[in-house]
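A quick write-up on the structure given underneath.
The values are calculated or read from the model by the stated rules, or taken from the named source; none is laboratory data. These figures come from a predicted structure and were not determined experimentally. Note that each Cβ is placed from the backbone with ideal geometry, even for glycine, and that neighbours are counted across all protein chains shown. With ligands, DNA and RNA removed, areas are computed over all heavy atoms of the protein, side chains included. Shrake-Rupley method; radii C 1.70, N 1.55, O 1.52, S 1.80 Å.
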Amino acid sequence: ETGDHEIVVELADTEQQRQRGLMYRTELAPDHGMIFDLGQPRTASMWMANTLIPLDMVFIGPDGKVMGVAADTVPFSESIISSPGPVRYVLEINAGMAAEHGIAAGDTVIHSAVGVE
């Protein structure tokens, strides 16, 4: 139990923002990330095409509960990274942050856009 950890996030809640995500960026500031709102619970299919920095992807259910983490995703990979079941949100953060802060399934993400119906 590492307690609470604050991350500054950008919200990607339009199709265009979700498609672009963190592509083409050369860096992501420490403790910053991007949260994708998929609109409704579904299996998330993410990839790292055109993404230059390794990321952790945190898969989050509609209630804000973490469902799983895909750690250390590979830059430029076109392999599909799927969520472990239906999720409403995906949080992308710098690779290693999830392990460093003990972010794991069962944790809760609190954000003004999360858990809102």
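Considering only Thr43, Thr73, Thr26, the mean-square fluctuation computed in a Gaussian network model of the chain, springs between alpha carbons under 10 angstrom, is largest for Thr26.
The relative contact order of the chain comes to 28 percent, based on Cα pairs under 8 Å that sit 6 or more residues apart. Heavy atoms of the protein chains alone define the surface here; on that basis the range 47-87 has 44 Å² accessible area per residue at 1.4 Å probe size.
Which residues does a label at Asp31 reach in the range 75-107, if reach means a backbone N under 18 Å from a point 7 Å past the Cα toward the Cβ? So the set is 92-103.
The share of accessible area on the chain that comes from carbon and sulfur is 51 percent, using a 1.4 angstrom probe.
Could you give the size of the charge dipole of the range 29-100 about its Cα centre, using +1 on the Cβ of each K and R and -1 on the Cβ of each D and E, expressed in debye and rounded to the nearest 20?
Around 280 debye, computed over the range 29-100.
Under the simplified labelling scheme, the Asp63-Gln19 pair shows an inter-label distance of 3.5 nm, with each label point 7 Å from Cα along Cα→Cβ. Taking Cβ atoms as reference points and 12 Å as the exclusive limit, the residues near Ile35 contribute a net charge of -2, counting Lys and Arg as +1 and Asp and Glu as -1.
When N is the residue count of the chain, what does its C-alpha Rg come to as a fraction of 2.2 N^0.38 Å?
Its radius of gyration relative to the 2.2 N^0.38 Å reference: 0.95.
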